[in-house]
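Contents: one structure, followed by commentary.
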């Protein structure tokens, strides 16, 4: 059946590629110390390299860390800044990515979408407002037991489709275009081993955004906080006045967090949060991990100080215990860099408009590879890829949105050439 669907969409290169890519399990692993965190991510990366070579992109290769690099040579006499397009191949560890069965809901009629392999998984129009704009379009979902992988294989497919178009249409003038596919974005390590000198780009764009026509030039700033709680352990039969259970200390810290603010489930827009993500240990010692998010570094520091005060207050009741409080910087708001390069954002907005869309600049309550790349010296906003409800079994993307994203890439390289 999938072969028939792919033949129907052979004119839509992004969609046919996407249907193939999502069937390759590339889930990353936050607990793995290796690079990439899972070898299976390279299964897709090797395929991408071969497809790039087949397009005539002769320098396409996969390095030992799981990064794919490739160059579409300039075909203009103008001196044009080198532009990179980047997407990540891994899928989230929050939901299974093995055995993905992509389905196309043709000419979607506007009703809730019940996923066939688990009828309790329903993509409800009332809960997915962007769906209302998709009536008559062709919606791709998984079957109900896995995520789809549109985050970020939609972006990968769109970049590959644009590369195919540019290689087959030399009359479309552009400067040097770099392609970068990264591993481990979903576990916060997407740029850990990237070689920007080898990449050789001046500016970049991640294709990892959500709604049609959107561009994100502002992200959270992000830190992680790791608490190691050292209690006092003793035999419970002789524990009176001695035992200070590290698990109870951890419970008291969690219970002291605000119930109606400062959490992901109680914030929106430009509000940040403190979010516990993992707990492990025994009565002697417990490790408690948090992520801290805000759009400003000052806001991060305020929340970290707030959490430290909670810890201090809890420890008053456990005078012989201690807590190691460790802050790990994760990424910073790309806006701090992009404000110095307005043309990077302006050209992208123009490319979106040229695709017949209403361009909308947004802030993202999260981060992308572009957040880190921007601070590493590659200013890199985030363009929509069409992915929705990511990290879940309800993930979806439309064929038409993917084709528009591909067109934006093609428009954008031409704009950079024209303005140079």
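Read the figures in this text as sums done on the coordinates, not as results from a lab. What you see is a predicted model; the values in this text were computed from it and never measured. Glycine also receives a Cβ, built like all others from the backbone with ideal geometry; neighbour counts cover every protein chain displayed.
Structure notes:
- Label-point separation, residue 268 to residue 376 (7 Å along Cα→Cβ), nm: 3.5 nm
- Extension gain, residue 242 back to residue 61 (0.36 nm per residue minus Cα-Cα distance, nm): 59.1 nm
- Between 0 and 90°, nearest 10: helix 150-168 axis offset from the chain longest Cα axis: 20 degrees
- Sorted by Cβ neighbour density within 10 Å, fewest at the top, the residues 160, 167: 167, 160
- Euclidean distance of C-alpha centroids, region 7-66 and region 181-196, integer Å: 14 Å
- Computed [θ] at 222 nm, deg cm²/dmol, the chain (DSSP H ≥ 4; -39,500 (n - 2.57); rounded to nearest 500): -9500 deg cm²/dmol
- C-alpha center-to-center spacing [region 353-405, region 69-87] in angstrom: 20 Å
- Percent antiparallel among DSSP beta bridges (both partners in the chain, rounded to 5): 70 percent
- Cβ-based exposure ranking for 44, 307, in which fewest neighbours within 10 Å come first: 307, 44
- Contact order normalised by residue count of the chain, Cα under 8 Å, 6+ apart, percent: 23 percent
- P(r) tail for region 221-330: Cα pairs beyond 17 Å make up 53% of the total.
- Residues residue 77 and residue 391, FRET efficiency given R0 of 45 Å [Cβ-Cβ distance, rounded to 0.05]: 0.50
- Principal-axis tilt of helix 399-419 within the chain, Cα atoms, nearest 10 degrees: 70 degrees
- Folded to 0 to 90 degrees: helix 342-354 orientation relative to the chain principal axis, Cα: 60 degrees
- Which of 88, 235 has the fewest Cβ neighbours within 10 Å, and the rest in rising order: 235, 88
- Averaging Cα coordinates gives a centre for region 266-287 and one for region 102-162; these two points are 31 Å apart.
- Computed over region 1-148: relative contact order in percent, which uses C-alpha pairs under 8 Å that are six or more apart: 21 percent
- Residues residue 260 and residue 324, FRET efficiency given R0 of 30 Å [Cβ-Cβ distance, rounded to 0.05]: 0.55
- Structure-derived mean projected area of the Cα convex hull in nm² - corresponding label in (i) 19.3; (ii) 22.3; (iii) 28.7: (ii)
- Residue among 148, 257, 243 with the largest mean-square fluctuation in a Gaussian network model of the chain, springs linking Cα atoms under 10 Å: 243
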